[in-house]
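Asks: If you scroll down you'll find the structure; I have some questions about it.
The values are calculated or read from the model by the stated rules, or taken from the named source; none is laboratory data. This structure is a prediction, so every number in the text was calculated from the model and none was measured. Here the Cβ is made from the backbone with ideal geometry for all residues, glycine too, and neighbour counts use every protein chain on show. Just the protein is used for accessible areas: all its heavy atoms, side chains included, with ligands, DNA and RNA removed. Shrake-Rupley method; radii C 1.70, N 1.55, O 1.52, S 1.80 Å.
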Amino acid sequence: MIAQDHQSPAKLDTRQLDHRYDGIAKVTGRAKYAAEFPTENVAYAYIVQATIPAGTIASIDQAAATRAAGVHCIITPFNAPKLTVPGNVNILQDTNVLFNGQPIAVVIARSLPEAEAAAKLLRIEYKEQPAKLDFNALLKNARAPKRGGGTSHRGDPAASLAKATAIIDQTYSTPIQNHNPMEPHATIASWSTGADGDKLSVYDATQGISGAQGSLARAFSIPPANIHVQCPYTGGGFGCKGYVWSHTILAAMAAKVAQRPVKLVLGREQMFGPVGSRPNTSQRIKLAASSDGKLLLQQHDSTCYTSLISDWTESAAGQTQLLYDSESLSTSQPLVELNLGMGTWMRAPGEATGSFGLEVAFDELAEKLNIDPIQLRLINYAEKDPRQGLPWSSKHLRECYTQAAERFGWSKRTAQPGQHREGNKLIGYGMATANYGAGRRPSSAVVRFLPNGRVFVGVGTQDLGTGTYTILAQTAADALFMDPALVDVKLGDTTLPPSGGSGGSTTAASVCPAVYDAATLAKLKLAQLAIADTQSPLHGATTEDIETKDGKLCLKSNPEKSETITTIIARNGNTPVEATATSEMPKDRDSFSSHSWGAIFAEVAVDADTHMVHVRRMVGTYDIGTLINTKTGTNQLIGGVVWGVSMALHEETLIDPTYGRTVNENFAEYHVPVNADIHEIDVTALNIPDYKFNPLGSRGIGEIGITGAAAAISNAVYNATGKRVRDLPITLDKIMNA
Ligand code: MOS
């Protein structure tokens, strides 16, 4: 890494942008999302979905639909072009129906209403087969994931259990959830033919332009270089835009068949099933401890559904392997096959759901042992990663507990439930540990000094709304000691140096070092130009003695000797000076383990008569390494906590037990919180850099906010009412019946 060897990374904090780089473009509507790019001669595609959960399509009579007003063409499994993607990924390559809602045809028409109207005229005959839909009934048929994973053992569970004085053995469950970014999935695809073959241009709402490019290249057997994917702004993703779903490939297929550009936007109801769900979990957790609170055994067996299309595991037991120390450990993650759409990543996949089970179980164990819940966690604090015994690159979870407890006022809590009343409101306090893994993906960046004094930064990553533009402008400005207002950032275009997908809370830690390095290299090239130039006052100096400062190169040993960057470039024939750099995990990555940490506290008020829960306050303190930008970073944490409230109280995808269709595929019935549901949220980050993990010290921040939050709320509901709800969401009926 270059950054470590050059100017102090601590400088990052000095040039905080206090506004979003893309804020004005967004509020004025100048920021264009995938479906908003004007495209000449564009046709509109509408995806037709299966209305049975299992079977095959016997026939599709498209005569009436084909004659309908405005219809260009209709693609079905009976006439679709053969693509080279193996298996069923809902791209009309066979007649199998594996879930209700599966894409089975595409109607392409002059307008979206005409496409939708024509779709209703299709006469589809099915051969139905019995569907697997009852998760609980099929639990006994759960099987191991085909690719393994989730299973781990440590110590001797039976012996540890035999020594225990306190045992918790409970089942915790979380429902299927669906992503609801503001921007639904959308793709515009256009084909052209050039000297070097067919070319495809795509605007796609995605968390990974390179992934979309690669999938399309494989599907249509053309070189990735012939595919141009653009996504300058993504209107939220949370995981569902991390995978390349059928609609992206179908839009390109439709454009080929219709011989014109095609726009395909999913309706809100189409977001429930065809583009991935967070699977439900049923988590059996056994915790056994000695009377002093020391954990002897942690056992976490989490079963979730998987589709018949491909295995997907909501890895809820994963964090249990590393969060706390224990003499013995046993985890597994079996799958129950159901006729439902594929599972996929959803914000903190695994940790969000697993932390609900584990952290509520901890609360139950704390009560049984009569030990304060924070104390119990401190007793079992993992000083190193329990999996391989590796040291943490940086861990300040103790400080998180202390700071959050202080800000929250945990000392005012009464351990015994039901003691704190305000009128007919029962008040309760609860807490949980938050955690999420840290990772970095290889990422490249270009930094270019322009003749007009501005600096161009280009990275083939994308901004989901998280703040990537902002932190990259800031990082370049920092590396170059210049005004961030003079930095132009371009993202979301596969012609830029490639980067990874924006998922797994990896973006900031991946792309910032690449930009820092590219800026440092570009600066070096500029210095070399000046040194070699007899007309420059810096002629003959050493590169080590030259630094950039506010648009100039100057000598460290004699700051009077300087020259503006624009002058150097002007004498260079006005040719921009640029450098590209690639950054990835450090070489000694196998010698340490990296994770982000936090402590989350909740105060709830439960109506004694109606059992309605209000989350009055959430207080979280996080150890996420360097907080690169306070505004965008804190926004991510708040967003995660809001989702935690949502997970605790609102969200639940309901599947019809007979037909397998999502019943509540709209915002009226799939509840996400509105402003009235969200009250005080206080989040802070310790901002302690993790330089072992990343030369800029940052880990990830996007997902940790949701983790632990639902457990903290559930624990607070228990503290308020004495009712333990182990099944999310916590609705009034469950409190009433607990
Ligand atoms: Mo996230 S669920 O890795 O987009």
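Asks: Can you pull out the residues in region 150-196 that are in a loop (DSSP other than H, G, I, E, B) and open to solvent by less than 50 Å² (accessible area, probe 1.4 Å)?
Replies: Residues of region 150-196 that are in a loop (DSSP other than H, G, I, E, B), as a first pass: 150-151, 155-156, 164-165, 175-176, 178-185, 195-196.
Within region 150-196, Gly150, Ala164, Pro175, Ile176, Asn178, His179, Asn180, Pro181, Glu183, Pro184, His185 meet the criteria.
Asks: Same structure again: Of Ser315, Ser326, Ser330, which residue is in a loop (DSSP other than H, G, I, E, B) and away from the ligand (no atom under 16 Å from the Cβ)?
Replies: Sole residue among the options that is in a loop (DSSP other than H, G, I, E, B) and away from the ligand (no atom under 16 Å from the Cβ): Ser326.
Asks: For Gly697, are the conditions met, namely being touching a strand residue (DSSP E or B) at 6+ places or on another chain (Cβ under 6 Å) and at positive phi? Please lay out each step first, then the result.
Replies: On the way: touching a strand residue (DSSP E or B) at 6+ places or on another chain (Cβ under 6 Å): yes; at positive phi: yes.
Yes; evaluated as a whole, the condition is true for this residue.
Asks: I'm trying to understand the selection: among the residues of region 677-709, which are within 16 Å of the ligand (Cβ to nearest atom) and hydrophobic (A, V, I, L, M, F, W, C)?
Replies: Ile701, Ile704, Ile706, Ala709
Asks: For the structure I just gave you, tell me whether Glu547 is among the charged types (D, E, K, R) and either free of Cβ contacts under 8 Å to residues at least 40 places away in the same chain or under 30 Å from Ala738 (Cβ atoms) (or both).
Replies: No; evaluated as a whole, the condition is false for this residue.
Asks: Let me ask you something else. Under 9 Å between Cβ atoms, which residue pairs at least 6 apart in sequence (or on different chains) link something in region 32-53 that is within 17 Å of Thr248 (Cα to Cα) with a partner that is assigned to a loop (DSSP other than H, G, I, E, B) and of a type in the set (A, V, I, L, M)?
Replies: Qualifying pairs under 9 Å: Tyr33/Ala205; Ala34/Ala205; Ala35/Ala205; Ile47/Leu266; Val48/Leu122.
Asks: When only residues in region 439-459 that are open to solvent by 10 Å² or more (accessible area, probe 1.4 Å) and within 16 Å of the ligand (Cβ to nearest atom) count, which is nearest to Gly208 (Cα to Cα)?
Replies: Of region 439-459, the ones open to solvent by 10 Å² or more (accessible area, probe 1.4 Å) are 439-442, 444, 448, 450-454, 456.
Those left that are additionally within 16 Å of the ligand (Cβ to nearest atom): 439-441.
Details: Gly439: 16, Arg440: 14, Arg441: 12 Å.
Ranking the qualifying residues of region 439-459, first place goes to Arg441.
Asks: Moving on. Have a look at Gln528, Gln462 and point out the one that is within 16 Å of the ligand (Cβ to nearest atom) and either under 29 Å from Ala438 (Cβ atoms) or part of a helix (DSSP H, G or I) (or both). Break it down stepwise before answering.
Replies: On the way: Gln528 fails: within 16 Å of the ligand (Cβ to nearest atom).
Criteria check complete, one pass: Gln462.
Asks: Something else about it: Take the residues of region 274-287 that are out of contact with any helix residue (DSSP H, G or I) (no Cβ under 8 Å at 6 or more places or on another chain) and open to solvent by less than 20 Å² (accessible area, probe 1.4 Å): which is nearest to the ligand (Cβ to nearest atom)? Give the derivation first.
Replies: Step one: of region 274-287, the residues out of contact with any helix residue (DSSP H, G or I) (no Cβ under 8 Å at 6 or more places or on another chain) are 276-277, 279, 284.
Subsequent filtering for residues that are open to solvent by less than 20 Å² (accessible area, probe 1.4 Å) retains 276-277, 279.
Numbers: Gly276: 10, Ser277: 12, Pro279: 13 Å.
The qualifying residue nearest to the ligand (Cβ to nearest atom) is Gly276.
Asks: I would also like to ask the following. State all residues of region 245-273 that are surrounded by fewer than 23 Cβ atoms within 10 Å (Cβ to Cβ) and in a loop (DSSP other than H, G, I, E, B); if no residue qualifies, say none.
Replies: Passing the criteria: Gln259, Arg260, Pro261, Leu266, Gly267.
Asks: Going through region 581-604 one residue at a time, which ones are crowded, with 24+ Cβ neighbours inside 10 Å and assigned to a strand (DSSP E or B)? Explain how you work it out, then say what you get.
Replies: Start the filter on region 581-604 by keeping residues that are crowded, with 24+ Cβ neighbours inside 10 Å, which leaves 583, 594-604.
Within region 581-604, Ser583, His595, Ser596, Trp597, Gly598, Ala599, Ile600, Phe601, Ala602, Glu603, Val604 qualify.
Asks: Return yes or no: is Gly343 crowded, with 23+ Cβ neighbours inside 10 Å, within 21 Å of Asp385 (Cα to Cα) and within 16 Å of the ligand (Cβ to nearest atom)? Spell out the reasoning first.
Replies: On the way: crowded, with 23+ Cβ neighbours inside 10 Å: yes; within 21 Å of Asp385 (Cα to Cα): no; within 16 Å of the ligand (Cβ to nearest atom): yes.
Here the answer is no, as Gly343 does not meet what is asked.
Asks: Ok, one more. Which of the strands (runs of 3 or more DSSP E) found entirely inside region 37-135 contain at least 3 residues meeting this: open to solvent by less than 10 Å² (accessible area, probe 1.4 Å) and under 30 Å from Cys304 (Cα atoms)?
Replies: Working: elements: 43-49, 55-61, 71-75, 103-109, 123-128.
Fully inside region 37-135 and qualifying: 103-109.
Asks: What's the number of the condition Ser499 fails, among (1) surrounded by fewer than 21 Cβ atoms within 10 Å (Cβ to Cβ); (2) modelled with pLDDT of 95 or more?
Replies: Failing condition for Ser499: (1).
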